[in-house]
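Heads up: the structure comes next, in structure tokens.
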Amino acid sequence: MEDQEKQILVDKRDGVWTITLNRPQVLNALTVEMFGLLRDVIVEASEEEEARFIVLKGAGGNFCSGADLSVLGSLKEERQAHEALTVINDLLTRLHQMPKPVIAAIDGVAVGAGLNLALHADFVLAAKSARLQEPFVQIGLTTDFGGTYLLPRLVGLAQAKRVALLADPISGEEAEQIGLIYKAVPADLLGQEVENLLRRLRQLPKQAYSVTKEGLNQSLQHDLGHMLAWEKEQQPALLQHPEFAALIRAKMKR
């Protein structure tokens, strides 16, 4: 039997928690056990002060080929499906609402649930040669792992229908062009680009980042009036936060 704990690797150093999907023999296909392990790590990272940044990646040159066939089999039984989907939805909600910066680094393939897992990150980096695909409809299923929520918001309805209904595979380079991901780079520079992005994120004040991320996420469900009221509530608190005072002092010394 496969060692469940080894299906997810977590490296903690210098404030960066790197979470690696670790089933390279099957392109890091997700098992039911992995959903729970990922959820637990995300909960821990959100609560631990030492965890400042989260990086999602896959082992063996691929990000993730989607859900393992064993998962699809287990979801046919109502009780098992309810239990698994409850964990999945909790994982995705927590990841999406994570107040800290989240980066996903896609190499090789990112397919189905694997791709949508990555799209919950704040910044998705991909190799230009990476292969991204939403093949759900092709096998008689609907887009899941939050894909029906994410795709129209990232690329608009027309491109979302192309990606989800026609299931066209697209490269990392095209994914950047249509706005699906943040940036595509040559495969051999993917790791360095993650480090470059982390370097930029380290320079940002944590509280302002967290609050702004929350506002951007909320804006997708609310109108302008609501968001103006939200900004009115948040800005005075940020003006009184020690981060703001420190940043202003630093600028005045220049």
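Things worth noting here:
- Here is how the number arises for the chain: DSSP H runs of 4 or more residues each give -39500 (n - 2.57), the sum is divided by the residue count, and the result at 222 nm is -15000 deg cm²/dmol.
- Distant-in-sequence amide contacts of residue 181, defined by a placed amide H-H separation under 5 Å and a gap of 5 or more residues or a different chain, comprise 176.
- Added length on full extension, which subtracts the Cα-Cα distance from 0.36 nm per residue, residue 187 to residue 81: 34.5 nm
- Cα-centred dipole magnitude for the chain, charges only on beta-carbon of K, R (+1) and D, E (-1), debye, nearest 20: 1060 debye
- Estimated dipole of region 55-135 in Debye, rounded to 20 [Cβ of Lys and Arg +1, of Asp and Glu -1, Cα centre]: 260 debye
- Backbone amide hydrogens, once placed in the peptide plane, bring residue 58 within less than 5 Å of 21, 107, excluding anything fewer than 5 places away on its chain.
- Of the trypsin sites (Lys or Arg not before Pro) in region 36-125, the ones in a loop by DSSP (not H, G, I, E or B) with at most 15 other beta carbons within 10 Å are 76.
- For the chain, with +1 on Lys and Arg beta carbons and -1 on Asp and Glu, the positive-most of 82, 221, 239 along the dipole: 239
- Whole-angstrom gap from region 98-136 to region 177-254, using each part's C-alpha centre: 20 Å
- Antiparallel content of DSSP bridges confined to the chain, in %, to 5: 30 percent
- With contacts taken as Cα pairs under 8 Å and at least 6 residues apart, the chain reaches a relative contact order of 15 percent.
- With R₀ set to 30 Å, the beta-carbon distance separating residue 177 from residue 148 gives a calculated FRET efficiency near 0.85.
- Dipole magnitude for region 143-252: computed about the Cα centre from +1 point charges on Lys and Arg Cβ and -1 point charges on Asp and Glu Cβ, it is near 460 debye.
- Total lysine pairs whose alpha carbons fall under 15 Å of each other in the chain (8 or more apart, or interchain): 6
- Residues in region 122-149 that a label on residue 72 would reach, taking backbone N under 19 Å of a point 7 Å out along Cα→Cβ: 132-148
- Where both bridge residues fall in region 4-117, DSSP classifies roughly 35% of the beta bridges as antiparallel.
- Probing with 1.4 Å while keeping every protein chain in the model, the per residue accessible area of region 84-157 equals 36 Å².
- Environment charge of residue 108, counting only residues whose C-beta is closer than 15 Å and scoring Lys/Arg +1, Asp/Glu -1: +1
The values are calculated or read from the model by the stated rules, or taken from the named source; none is laboratory data. A quick note: this is a predicted structure, and the numbers were derived from the prediction, not measured. Note that each Cβ is placed from the backbone with ideal geometry, even for glycine, and that neighbours are counted across all protein chains shown. Side chains are part of the model used for accessible areas, which takes the heavy atoms of the whole protein and leaves out ligands, DNA and RNA. Shrake-Rupley method; radii C 1.70, N 1.55, O 1.52, S 1.80 Å.
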